[in-house]
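The next block holds one structure in the form of structure tokens; read it before the comments.
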Amino acid sequence: MPNGSSILLECLRREGVEVFFGYPGGVVLPIYDEMVRQKTPRHILVRHEENACFAADGFARASGRVGVCMATSGPGATNLVTGLVNAMMDSIPVVAITGQVSTKLIGNDAFQEADTVGITRPCTKHNYLVKSLADLPHAIKEAFHIASSGRPGPVLVDLPKDVLQAVWPGIESDAALKYPDFVDLPGYKPSFEGHSGQIKKAAAMIWHAQRPVIYAGGGVIASGAGALLEQLSELVEAPVNLTVMGLGAIPSDHPNCQGMLGMHGSYAANQAMVEADLLIAVGVRFDDRVTGKLEAFCKHAKIIHIDIDPAEIGKNVKVDVPIVGDCGQVLEKLNTRLADSREQSDGGLHHRESRRAWLARTEEWRRKHPYEYTDRTDEIMPQALLEEIQRATNGDAIVATDVGQHQMWAAQWLRFNRPRTWITSGGLGAMGYGLPSAIGAQFACPRDTVIALVGDGGFQMSIPELGTLASEQLPVKTIIMNNGYLGMVRQWQDLFYQGRYSSVEFGVFPDCEKLGAAYGIKGMVVRDRAVLRDALQETLAHPGPVLLDVRVSREENVYPMIPAGGALSDIILTDEDARKAATARPVPAQVGSGAGEMS
Amino acid sequence: MPQTLSLYVENKSGVLARVAGVLSGRAFNIDSLTVAKSFDPGFSLMTVVVDVPASLTEQVIKQLSKLINVVTVTCVSDSPAVVREMVLVKIYLPDEMRSRLLQEAEIFRARVVDSAPGSFTLEATGDSDKLEAFLGVIAAYGRLEMARTGTVAMPRGASRAVAVRNPSPKVAAGGPILL
């Protein structure tokens, strides 16, 4: 007879789930017992619940499908929290399933009881406590619908043990379950289409602009609108700035692509924002890491903002033409309108020469101010490591990162040929994300090369997942950019705290050859620039998992850099500029936490 | 400036906490909050008076609208509306003051709902300004204990308390988003 646990697995199958990431415990025992009999969906045993959520998140980013994770009640559920907030901040579709103590015990401070729905309420797009088995299929149906539609995000479903054990009456097998084929959510009706009057206004505004810039982000990737964005850029002949979440939306090699903008973005991307007279913002949220000082942000520009979430419109920046809708659907209509010859003759042709001159200027900025560093033979510069990775993968690998200096250098130096190959914790900046998200991405894309590019700090937060790599024989290549520091925190202490280093040096780091060997994973340590290329080749050619520890130059800083709270025009390009700027400026008022990037 | 918001929400457990969480998560203080079943028992009507800077009201409305269980959010402060609050106030006063108090109560159309030696309990209804004035007057007569319901609101005329949730068709260029 079907019971709550078998029905749950049946519901997951009906949602097309093939693999999910989890960790067992007391109240989810009925589900894990059911897994003995049911082989699908496949459960991947991770080493910590936070990493189950990160893996589900990495799976979702790499595949575009909903990632699923599971944890027990109490500590299992609380360990998911960082992963849920991470998915929330970056709008990633994740469904988390947690066990809960039996309904009769809820509120009694039972063993391993926590108010999971209460704790995760602000960490999720929505959550459910299923108090009766009859409600389970609807809750799962709604969870997947809410997670994956509109602005995607995490949804948690909390399942008490007695619900998991209850018998589902009236059917002989799970396959006979009548799974709901619609959802009834009167308060949830995301709008996709975009208002045609607004799109018309946007088109007219675009054709009257002389210095337009496209500023695109994660919404484009979520909506699968990369090709349409490319088309927009070509129609308008406008440069494209990408947020850290938007990297890969159009190929890095596209002639109009300026790469990343914002705090560590390219000179060209940021300078284009300063001088633009029109900003076409697509699937972005005007994050403080992008805008810098709001009062100085895009002073000369009118702003068109396309986003599926109405709450993002006007949240940080006043917008001239808001368009609420799915990036893809809106861009399709907008492009059609822009391509219309009547629209073009109404101003489009008039300013074409100005726009071409503007595009040429941005090209010159890109040429004059590329990302730069001085390569050395006596040590490995972090940027050189990335250039070697780029050379070895040709932009075709999926790269998952942790948070900090290595992440920003990777965003600068790696080239992306297609969307969903760049897996990074953008909004939350959660250290320890790189390795588990790479695991999720590898399950989503088993034939792709997946690299977990991590710093020595974040790696030490996720070492236990080497166990998952080994037991699943996943060919993830973990590359540690090891400078022996919490590099980004050190950089801030260097630049803004007069070089007073505090708690940024561990002093001890495991011997990765031995660490790898302890898990049965090939481990290598590289200190010599001369052998780096061969070591990378060997890493990528190895059929199984590899742990490659690359010792890089220790005190290199990430540039360009716009100091927190500075205007985009305050961009700093070198150590020397940085020190000048630092002495001219007081210590920033906001002090960052230890979790990588700071305020 | 306190804003009065009217929320039409699904009548489910946890919805109140979600609404309160959106406000507390942004460090806004709730002046009053009432919630009860609407005419359709599957839904509830919530009236929230919250201290939000006027410039952020639109953002708060949009964040509340994002909650899956919230069907519509209307800012009642922006449009003509009937706004009422009830207070039960017990006043301890000397016997010789009782008849004068009753005269004051009459002015505010407050009713006596309980009487005991040494005290009256009065019921008064009105908008918050009227109740403040009433309480100010009777406070002179003796020690007070009170229970207030908080504000409930209903837009005047044909305008519906529950507007269309999805704001996109009403978005005007450069202007505020009308909900």
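Each reported figure results from applying straightforward, stated rules to the coordinates on display, with no laboratory input. Bear in mind that the values here come from a model prediction, so they are computed numbers and not experimental data. No Cβ is skipped: glycine too gets one built from the backbone with ideal geometry, and neighbour counts run over all protein chains shown.
Need the full-extension length gain, B:A147 to B:M1, defined as separation in residues times 0.36 nm minus the C-alpha distance. One decimal, nm. Don't jump to the answer; show the numbers that get you there.
On the way: separation 146, 0.36 × 146 = 52.56 nm, distance 2.34 nm.
Separation in residues times 0.36 nm, less the Cα-Cα distance, equals 50.2 nm.
Would you compute, from DSSP H runs of 4+ residues alone, the mean residue ellipticity of the protein assembly as shown at 222 nm, taking -39500 (n - 2.57) per run and dividing by the full residue count, rounded to the nearest 500?
-10500 deg cm²/dmol
In Å, the Kirkwood hydrodynamic radius of segment A:196-368 over pairs of distinct alpha carbons? Intermediate results must be reported in sequence, preceding the final value.
On the way: mean 1/r = 0.0645 Å⁻¹.
After inverting the mean inverse Cα-Cα distance, the result is 15.5 Å.
Please report, for the Cα atoms of segment A:26-114, the Rg to one decimal and the Dmax as a whole number; what are they, in angstrom?
Rg then Dmax for segment A:26-114, in Å: 13.7, 41.
Give me the compactness ratio for segment A:464-589, meaning the Cα radius of gyration over 2.2 N^0.38 Å. Walk me through the intermediate numbers first.
Working: Rg = 18.7 Å, N = 126, 2.2 N^0.38 = 13.8 Å.
Rounded to two decimals, the normalised Rg is 1.35.
Give the percent of DSSP beta bridges with both residues in segment B:82-152 that are antiparallel, rounded to the nearest 5.
Around 100 percent of the beta bridges assigned by DSSP in segment B:82-152 are antiparallel ones.
With r defined as the distance between the Cβ atoms of A:S63 and A:F506 and R0 fixed at 45 Å, what FRET efficiency is calculated, to the nearest 0.05? Mind dumping the intermediate values first?
Numbers: r = 35 Å, r/R0 = 0.77.
That pair, A:S63 with A:F506, gives E of 0.85.
Tell me the angle of helix B:54-66 to the major Cα principal axis of chain B, expressed in degrees between 0 and 90 and rounded to the nearest ten.
In chain B, helix B:54-66 runs at an angle near 70 degrees to the longest axis.
Hey, could you pull the Cα Rg and Dmax for chain A, both in Å?
Radius of gyration, then largest Cα-Cα span, for chain A: 24.7, 76 Å.
Please grab the % of Cα pairs in segment A:382-584 that end up more than 26 Å from each other. Intermediate results must be reported in sequence, preceding the final value.
Numbers: 6503 of 20503 pairs.
Value for segment A:382-584: 32 percent of Cα pairs lie more than 26 Å apart.
Rounding to the nearest 10 and keeping the result within 0 to 90°, find how far the Cα-based axis of helix B:128-138 lies from the longest principal axis of chain B.
20
Could you check what % of the DSSP bridge pairs in the protein assembly as shown are antiparallel, to the nearest 5?
Of the beta bridges lying entirely in the protein assembly as shown, close to 40 percent run antiparallel.
At most 14 other Cβ atoms within 10 Å and a DSSP loop assignment: could you name the trypsin sites (Lys or Arg not before Pro) in segment A:104-204 that fit?
A:K178
With labels modelled as points extended 7 Å from the Cα through the Cβ direction, what inter-label distance (nm, one decimal) is found for B:L16 paired with A:A134?
Going from the B:L16 label point to the A:A134 one covers 2.5 nm.
Roughly how many debye, to the nearest 20, is the charge dipole of the protein assembly as shown about its Cα centre, given +1 on each Lys and Arg Cβ, -1 on each Asp and Glu Cβ, and no other charges?
Details: 75 positive and 86 negative charges, 248 e Å.
The dipole of the protein assembly as shown has a size of about 1200 debye.
Which percent, nearest 5, of DSSP beta bridges in segment A:382-584 are antiparallel? If you can, show how the numbers build up before the last one.
Details: 1 of 23 bridges.
Within segment A:382-584, antiparallel bridges account for around 5 percent of the total.
By count of other Cβ within 10 Å, fewest leading, how are A:H350, A:H138 ordered?
Values: A:H350 13, A:H138 17.
Fewest to most other Cβ atoms nearby, the residues stand as A:H350, A:H138.
Show me the three semi-axes of the equivalent ellipsoid for chain B, from the C-alpha gyration tensor (sqrt of 5 times each eigenvalue), largest first, rounded to whole Å.
Gyration-tensor ellipsoid for chain B: 37, 16, 15 Å.
When only DSSP loop residues count, what trypsin sites (Lys or Arg not before Pro) in segment A:356-459 have their Cβ near at most 14 other Cβ atoms within 10 Å?
A:R376, A:R447
Quick check on segment B:82-152: what does the Kirkwood estimate of hydrodynamic radius come out to from the alpha carbon pairs, in Å? Please report the intermediate quantities before stating the final value.
Numbers: mean 1/r = 0.0833 Å⁻¹.
Result for segment B:82-152 stands at 12.0 Å.
Could you calculate the FRET efficiency of A:E472 with B:A139 from 1/(1 + (r/R0)^6), where r is the beta carbon distance between them and R0 is 60 Å, rounded to 0.05?
Working: r = 72 Å, r/R0 = 1.21.
After rounding, the FRET efficiency stands at 0.25.
Points 7 angstrom from Cα along the Cβ direction at B:I107 and A:V183: gap in nanometres?
Each label point lies 7 Å from its Cα, and together they span 5.7 nm.
Which helices count as membrane-span-like in chain A under these terms: full DSSP H, at least 20 Å along the axis by C-alpha, Kyte-Doolittle mean of 0.5 or more?
Details: long enough: A:49-63 (21 Å, -0.17); A:75-89 (22 Å, 0.84); A:352-368 (24 Å, -2.19).
Span-like helices here: A:75-89.
Enter the mean projected area of the convex hull around the alpha-carbon atoms of segment A:285-416, in nm², rounded to one decimal. Could you put the intermediate results ahead of the total?
Working: hull surface 47.2 nm².
Taking the Cα atoms of segment A:285-416, their convex hull projects to 11.8 nm² on average.
So which GluC sites (Glu not before Pro) in segment A:212-265 end up in coil per DSSP with only 15 or fewer other C-beta atoms within 10 Å? Display every interim value, and only then the final one.
On the way: sites: A:E230, A:E234, A:E237; in loops: A:E237.
Loop-located and lightly packed - A:E237.
Report, in whole Å, the centroid distance computed from the Cα atoms of segment B:57-115 and segment A:116-151.
Between the Cα centres of segment B:57-115 and segment A:116-151 lies a distance of 36 Å.
Given a cut-off of 12 Å, what percent of all Cα-Cα pairs of segment A:161-214 lie beyond it? Working shown, then result.
Working: 1163 of 1431 pairs.
That fraction is 81 percent.
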